[in-house]
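Participant: Quick one: structure below, then a few questions.
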Amino acid sequence: MIFVYIGVALLAICFGGVLLVGAPYLPTLSPQVTAALTLAKLKPGETLLELGCGDGKVLIAAARAGYNAVGYELNPIMALIAWARTRRYKKQVRVVCGDFWQTDWPQSAAIFAFLLPRYMDKLDKRILQYNHKPVKLVSFAFKIPEKKINSELAGVFLYNYR
């Protein structure tokens, strides 16, 4: 019985603990994945950085479109799932289990995020300090307060940083 309690506690930490620094796992819907890649307008071989890659769905779509992709995931269970799902694209996709707020981001042409509204200002400030500009931010569902949206498609917002 103790193993059940330990298992439940670990699941609560993995899935609930991410709320302290990001967003809970919610899958990105297929129309929004398509919209995000359309708005990003990446060229083959360019890199998409995904902040909170969940199950790897966006990473897989990026790889299928001919892009490279790096996904950060704080939840070790979801990072393992994303890693397993993207193994066939291992030359194009890298999954990093860790807190994207606490690391240097690799160079990318676009960043995809599906964060909670309370983190959008923080994300904006982080991208303003990002050393690899120009870069595009594609945000599903949530806007950066008081920042001009460059384009919108199916609930996905595009911001350009120069």
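Participant: State yes or no: is VAL95 touching a Gly at 6+ places or on another chain (Cβ under 7 Å) and either among the acidic types (Asp, Glu) or under 20 Å from LEU137 (Cα atoms) (or both)?
Facilitator: yes
Participant: Hey, could you check the range 79-97 for residues that are touching a helix residue (DSSP H, G or I) at 6+ places or on another chain (Cβ under 8 Å) and of a type outside the set (Lys, Arg) and say which is farthest from LYS43 (Cα to Cα)?
Facilitator: CYS97
Participant: Mind listing just one residue for me: the one in the range 3-27 that is surrounded by 16 or more Cβ atoms within 10 Å (Cβ to Cβ) and outside any helix (DSSP H, G or I) and, of those, modelled with the highest pLDDT?
Facilitator: Within the range 3-27, the match that is modelled with the highest pLDDT is TYR25.
Participant: Six or more apart or on different chains, Cβ atoms under 6 Å: show the pairs whose first residue is in the range 71-83 and over 17 Å from LEU48 (Cα atoms) and whose second is among the aromatic types (Phe, Trp, Tyr).
Facilitator: MET78/TYR25
Participant: Mind listing whichever residues of the range 30-61 are closer than 17 Å to ALA154 by Cβ, within 12 Å of the chain's Cα centre (by Cα) and of a type in the set (Gly, Ala, Ser)?
Facilitator: The one that is closer than 17 Å to ALA154 by Cβ, within 12 Å of the chain's Cα centre (by Cα) and of a type in the set (Gly, Ala, Ser): ALA36.
Participant: Give, as residue ranges, the strands (runs of 3 or more DSSP E) completely inside the range 28-146 that count at least 1 residues that are surrounded by fewer than 19 Cβ atoms within 10 Å (Cβ to Cβ).
Facilitator: 93-97
Participant: Between ALA65, ALA79, which is modelled with pLDDT of 95 or more, over 20 Å from LEU123 (Cα atoms) and in contact with an Asp or Glu (Cβ under 6 Å, 6 or more places away or on another chain)?
Facilitator: From the options ALA65, ALA79, the qualifying one is ALA79.
The values are calculated or read from the model by the stated rules, or taken from the named source; none is laboratory data. Just so we're clear, the structure is a prediction, and the values are computed from it rather than from any experiment. Note that we place each Cβ from the backbone using ideal geometry, even for glycine, and neighbour counts take in every protein chain shown.
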